[in-house]
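Working notes for the structure below.
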Amino acid sequence: MSAISFSRVVKSYGNKLVLDGFSLNIKEGEIFALAGVNGAGKTTAIKSLLKLVNISSGQISLFLSKLNRAEIGFAPEVPDMPDFFTVKELLLHALNFYSEKGDENEKFLLKRVVDLFELDSLLDLKVSELSKGNRQRVSLAASVIHKPKLVIFDEPSGGLDPFGRDLVKKAIKELNREGATILFTTHILSDIVGLCHRIGIVSNGKIVFCGTPSEFCDEKPLSEIEKVFVEFKVPDDLIEEPGQLINYEKLESNSKLDYVSISKQVLLTAKTVLLKSFRSNLLFGTILLMLPFIWGSWIFEQNNPGFQTGFIADLGTIFVSVFAFLLTLILSLEHIFWVKEGHSSYFYLSRMSPGLLPLSKFLGVVCTVGLALIFMVLLLIGFMFFNTGTIILYPFYIGFSVFMQVALVVSVFSLFSAFLPKLTAISLIIILYLVGLETDTARLFVESLELGFLVVPAEALFALLPDFSLFRFESESISTLFLIVLYALFQSLFYLVAGGKILSKKDL
């Protein structure tokens, strides 16, 4: 039975053709290697299989049926993992995307990959403390801890010493004995000998050979496979194995992925943002940065008895707002764009739909900012209580208002960052925020132009863009708060859904 089928797949980036009629069948239960020089199209073929890039034409199928992400294990060429986790935490974090927390099988699955990749001595180390080779082994282990049906490794031997390469070979054989179909890419032909059932040679985006290593070497010994590869000439009649034509959209299907699983994936990713903010001291560092300003405002009032307590409240409000947006900007740059060393976050992209990433990061950022705001508001109230002997609700309303503004800013950020460069997205969000603070003034300006044809499109634009002036509410009534919360919620959901739709259609 065919496990993977590429049929005349074409993919280009601009004017550069990367896959050119790429056709290949991989049988269920076999170990298959894609070999070729750098830039031949191996990684793009894998990304198209995982729906991380959108093919221009052709068709791809998996197991001639629906296969959800829980049955696929993927490790990229460059290990991409949260640095602040210990190795043990990372492996369990990867496992929890697909299994219930506290599962009786959890310890067994953890021990299985620890033994498979010999990670016992690394479990208590942080990912950031690992050497390049050890990071590679941990990345491979994290990709298969849930016992996937299909295992995809992109250059699994990259950065490994001879011991590590031998270890990976043994692991691949063991995974295959357990029933997994293995597909991996390599440009180290010696890794293929004694390991793969078949190999496919990729050249200029085409499969130019498909067969066993012995067939590739023809009558020469397997020990000379590297030499055969260097001397290999593409035959005139390119080997193609067109698969049964299955709708490409089948890869989108998640037959076993219910709303509970989706919610868990979103929350796990959000938890990463929140946890990193604590472990990297980002949250505490930003709070400490703002403390001198609040303390200074209190000292100023103490030395100027003529000022009223409102002076502290006003200055505190400014500092809370500045603090919140400073923290939001830092978190947004790090987590909403979430790109490290030019590579997308494959650790998460291979485990969840790309369209869920904006929502996941949004939740993580707003939870982090929300916790920080609570601390700052309590601190402000503490200063006021120390000064006047009373506690007022005003700082709570201010903190709540700032939080909703931050949530709206983050959601718009997630939309802009889905299709715009970083600097452009940052510039637009600043402009949008400044205009949003004075929406009524902008409306009056449009009306003053006395150009009737601008009124309808301008009103439509004002309806779509966030109106931050609403958050300067004077009333402290529950009904007012409720209406403003609904506004912020629906506006945020609109931007998050739009950002998710764009991201799911984008090459990653």
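Annotation note: of Val193, Val202, the sole residue that is farther than 28 Å from Lys16 by Cβ and either modelled with pLDDT under 75 or not aromatic (Phe, Trp, Tyr) (or both) is Val193. The single residue among Leu493, Leu434 that is more than 19 Å from Ser360 (Cβ to Cβ) and either out of contact with any Lys or Arg (no Cβ under 8 Å at 6 or more places or on another chain) or of a type in the set (A, V, I, L, M) (or both) turns out to be Leu434.
A count restricted to region 419-458 and to residues that are free of Cβ contacts under 8 Å to residues at least 12 places away in the same chain and not aliphatic (A, V, I, L, M) stands at 11.
Gly39 meets the stated requirement of being free of Cβ contacts under 8 Å to residues at least 24 places away in the same chain and not hydroxyl-bearing (Ser, Thr, Tyr).
For region 250-284, residues that are outside any helix (DSSP H, G or I), within 19 Å of the chain's Cα centre (by Cα) and modelled with pLDDT under 70 total 2. Entry remark, region 20-70: residues being in contact with a helix residue (DSSP H, G or I) (Cβ under 6 Å, 6 or more places away or on another chain) and among the β-branched types (Val, Ile, Thr) number 4 in total. Which one of Lys11, Lys51, Lys42, Lys16 is buried (at least 22 other Cβ atoms within 10 Å of the Cβ), over 18 Å from Ile192 (Cα atoms) and of a type outside the set (Asp, Glu)? Residue meeting the stated conditions: Lys11.
Checked against (1) buried (at least 21 other Cβ atoms within 10 Å of the Cβ); (2) β-branched (Val, Ile, Thr); (3) modelled with pLDDT under 80, Val412 passes all but condition (3). Kindly indicate which of Asp440, Asp507 is in contact with a strand residue (DSSP E or B) (Cβ under 8 Å, 6 or more places away or on another chain) and either exposed (fewer than 14 other Cβ atoms within 10 Å of the Cβ) or at pLDDT below 80 (or both). Of Asp440, Asp507, the one residue that is in contact with a strand residue (DSSP E or B) (Cβ under 8 Å, 6 or more places away or on another chain) and either exposed (fewer than 14 other Cβ atoms within 10 Å of the Cβ) or at pLDDT below 80 (or both) is Asp507. Please work out if Leu428 is surrounded by 14 or more Cβ atoms within 10 Å (Cβ to Cβ), part of a helix (DSSP H, G or I) and not small (Gly, Ala, Ser). When the stated conditions are applied, Leu428 passes them.
The values are calculated or read from the model by the stated rules, or taken from the named source; none is laboratory data. From a predicted model like this one, the values you see are computed outputs, not experimental measurements. For neighbour counting, all protein chains shown are included, and Cβ atoms are generated from backbone atoms with ideal geometry for every residue, glycine included.
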